[in-house]
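Only one structure is covered here, and it is reproduced in the block below.
All of the numbers you see were taken from the coordinates with simple rules; none came from a lab. A quick note: this is a predicted structure, and the numbers were derived from the prediction, not measured. Quick reminder, even Gly has a Cβ in these numbers, built from the backbone with ideal geometry, and neighbours come from all protein chains shown.
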Amino acid sequence: MQSELIIKLLNGGERYGILNQEFDPTSGRIDFFCTAEQNSELLDLSEICFIKFLGKPDLADSFSEDEFFEDVTTSSGDRFHLRLKKGGKRVPEGFFGYPVEIDSDFKSIFFTSTGLKKRKHEQPIGEVLSQKGLVEKAAIEEALTEQQQLRSRRVGEIIAEKAALPQDLVDQTINNVINSGRTKNKARVGDILIEARLVTRQQVEEALHEQTSGKRKRIGLILIEKGLITEDQLLTALAHKFGLQVIDLNETKISPEALKLVPRDMIERMQILPIRLLGSRLTVATSTPTDPTISENLRFVTNCQIELVCARSPQIGEKIALIFDKDDDTVEDLIDELEDLDVVVDDEPEIDRVNESDSKVINLVNKVLLDASKKGISDIHFEPGMGPLPLKIRYRKDGICYTVHQIAATYKAAVISRLKIISKLDIAEHRRPQSGKILLKQAGERIEYRIEVTPTVGGQEDAVLRVLSSSQIIPLDDLGFSVTNLKHFKELLYKPYGIILCVGPTGSGKTTCLHSALAEINTPDTKIWTAEDPVEITQEGLRQVQIHPKIGFNFEDALRSFLRADPDVIMIGEMRDPVAAKTAIGASLTGHRVFSTLHTNNAPETVIRLIEMGMDPFNFADAMLGILAQRLARRLCKKCKEPYHPKREEYNNLVEAYGAEQFKEDDLPNFSKDLTLMKPVGCDACVGQGYSGRIAVHELLVNSAEIKRAIKKNSSAEEITQLAMKNGMRNLRMDGIQKIFFGMTDLLQVNRVSS
Ligand SMILES: [Zn+2]
């Protein structure tokens with residue numbers, strides 16, 4: 001017989017047709033002949049709300065004690081009162097319901113998981129009536145048997161007849177039971193907390209007011225955020241009220257058998273965790289025991305008796321994330337999952353599905369953090385838009401910022417809260433900036449992030465993360481030094497004493513460069529102390545100290561301590577003030593090698609600045625070994641850069657910028673028809689940018705007898721520059737132009753860093 005059906009689509013549309021092939025929900029599709037279009041169609045269940053199979057009710061598998069009634073509401077707004085079976089095959093795609101009335105026009109309805117909005121489970125009908133004391137159990141059984149024989153009458157009807165009760169009374173009882181399901185268990189969290197004397201009624205009313213003013217957060221959460229109760233107090237009160245046990249999930253073994261019984265999407269959507277299965281008793285952890293739908297849905301899906309226990313919601317979220325965290329999900333996959341979640345919003349006001357302990361939010365945040373570290377991103381910017389605008393995630397790589405992800409507005413607050421939680425910041429503070437640290441462990445690797453949360457207009461908060469472990473130690477040889485500069489710089493590192501300075505603006509790679517230098521001389525026969533703020537790169541063999549200016553532990557304090565701690569080499573992260581600078585110079589004059597950085601533009605200017613800061617010119621002239629100014633220019637992408645022949649004019653400009661005399665002296669290429677430079681193109685590897693990675697551009701001033709004399713005479717920066725150039729120093733622009741001729745970068749990038 002041809003099976004006719006009506007399909008209700010999620011978008012509200014309807015299809016009428018005849019089944020082509022037996023419907024198997026696990027295939028995820030339905031194959032039918034659409035009568036209106038006169039063609040066969042394959043529809044994906046994800047587009048469907050429900051499928052109604054038309055025809056006379058098939059009562060062959062009729063009423064039994066293993067059945068119960070349920071009210072099903074779909075997202076299309078349709079409501080059904082149906083019979084459901086306890087046993088049978090369970091599939092995550094959805095479930096079947098059967099008509100209660102024998103004269104209904106359909107055999108069954110299949111509800112898809114996506115189209116389901118709400119379902120209300122009822123006790124088996126026989127059980128209800130016997131509990132009410134209306135009929136003897138035997139009478140029900142008899143009725144059921146008889147009904148199986150008759151197969152054409154409602155069970156209520158038969159019971160009424162058998163027990164000699166008025167039909168009205170039986171119907172009314174059944175209705176009462178059905179309706180009572182809607183109001184029972186509606187214990188309000190607020191009332192429970194008042195009863196437990198944790199909060200006052202006024203506080204709850206204020207929180208309720210806040211809830212109705214558009215925030216849609218759970219009352220409990222609002223009270224926690226206001227600092228009135230703690231999460232533990234909330235949970236204990238709820239557990240006490242419902243006579244449930246509170247457990248610590250970190251101390252609990254989770255049985256894989258129990259886990260297998262409940263589909264993943266249900267676990268994630270309801271934020272519950274099945275932990276134990278004993279016979280047909282399934283123990284499930286929840287942080288919202290007030291939600292009556294949890295037990296009901298679980299009982300239906302698992303066919304088990306459900307025993308609830310309470311656990312803290314962040315713990316549940318973290319465990320779920322841990323269990324289901326699949327490495328092959330990309331950030332985009334996770335964002336897609338977030339948007340899917342929006343379809344199944346429960347309309348219970350006190351249930352705010354989107355909070356920071358939602359495993360999807362946890363997964364997403366973890367993934368973004370790991371993703372950034374893997375891709376060599378230096379900074380991650382979380383920028384929530386105003387009102388309904390999404391949250392943008394931008395990455396900074398090689399000094400350039402670009403947008404990578406957008407997350408629906410619903411998740412803005414949850415994402416920022418999650419970041420605050422993992423960096424141990426105050427989650428309730430929304431008006432002041434906060435800074436902290438995040439430590440992630442992935443496959444035995446530790447990845448550190450520094451986080452800055454800054455309140456922005458519209459009550460938002462931005463979070464910017466610096467990926468600390470992206471700062472790897474780069475061997476000196478790979479830093480992009482010109483052959484001459486590398487040779488001279490290495491020579492300086494092996495001098496017995498003196499000070500070496502690395503200078504440049506923030507983000508010019510000074511610290512990376514100093515660490516590369518230290519790595520060069522980091523051997524067991526050399527004791528190296530470093531004082532840094534923050535310690536961004538760690539190196540085996542170095543003794544590294546994090547300074548804390550807030551508690552009065554400054555660079556100079558560290559330096560004084562190092563001097564008493566038998567050092568060979570001392571690195572001071574930054575000479576922030578004259579005292580630190582004087583101490584550092586002093587240390588270098590007493591037989592130590594000292595490394596430090598300074599925020600100055602170029603090498604000769606650094607000399608003048610230090611003298612202006614009050615350094616003794618004689619001391620400094622003797623102590624200074626060399627000053628290295630550095631910038632980072634974008635490197636042309638090795639995969640796609642293209643050779644081209646420059647015009648004569650372009651070549652002349654480069655020569656002029658370098659200085660014609662030195663250009664010749666340094667043996668740079670003559671103009672010829674074979675001369676090629678490189679230009680950016682853009683490919684997949686460089687995300688179409690034409691550049692990938694960076695190359696350091698240097699200016700190395702090496703001290704000499706002449707320069708010493710000039711410093712002692714308080715000479716000007718120009719005089720020192722001229723002397724240094726005569727000794728072979730090349731300024732940043734010249735070094736950059738050399739790198740253009742080597743095809744590493746282009747004039748645009750050199751101009752950016754040296755003008
Ligand atoms: Zn490329």
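The figures follow:
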| quantity | calculated |
| --- | --- |
| Gained length - HIS645 relative to THR330, 0.36 nm times residue gap less alpha-carbon distance | 109.2 nm |
| Relative contact order (%) - segment 4-121, alpha-carbon pairs under 8 angstrom, separation at least six | 26 percent |
| Cα centroid separation, segment 26-44 to segment 684-725 (Å) | 72 Å |
| With 10 Å bins from 0: P(r) over segment 1-57, alpha-carbon pairs, percent | 24, 62, 14, 0 |
| Virtual spin-label span in nm between GLU656 and ILE18, 7 Å along Cα→Cβ | 8.6 nm |
| Radius 13 Å from Cβ of HIS645, net charge of other residues (Lys, Arg +1; Asp, Glu -1) | 0 |
| Stretchable slack from THR236 to GLN406, in nm (0.36 nm times residue separation minus alpha-carbon distance) | 57.4 nm |
| Relative packing of peptides 501-514, 448-461 - highest average C-beta neighbours within 10 Å first | 501-514, 448-461 |
| Descending principal axes extents, segment 247-338, alpha-carbon based, whole Å | 39, 28, 26 |
| 32 Å Cα-Cα threshold exceeded, pairs from LYS374/LYS641; LYS437/LYS527; LYS424/LYS510; LYS397/LYS712 | LYS397/LYS712 |
| Compactness of segment 447-580 - radius of gyration and Dmax, Cα, Å | 16.9, 58 |
| SER3-MET386 pseudo-label distance in nm [points 7 Å out on the Cα-to-Cβ vector] | 5.5 nm |
| Rg over Rh [alpha-carbon atoms, Kirkwood Rh] for segment 189-317 | 1.00 |
| Inter-label distance for ILE427 and LYS638, nm, one decimal - labels placed 7 Å from Cα along Cα-to-Cβ | 4.5 nm |
| D (Stokes-Einstein, µm²/s), Kirkwood Cα radius, segment 476-754, 0.890 mPa s at 25 °C | 123 µm²/s |
| 27 Å Cα-Cα threshold exceeded, pairs from LYS253/LYS375; LYS367/LYS420; LYS412/LYS550; LYS647/LYS739 | LYS253/LYS375; LYS412/LYS550 |
| In segment 236-292, the trypsin sites (Lys or Arg not before Pro) that fall in loop regions by DSSP, at most 16 other Cβ within 10 Å | LYS253 |
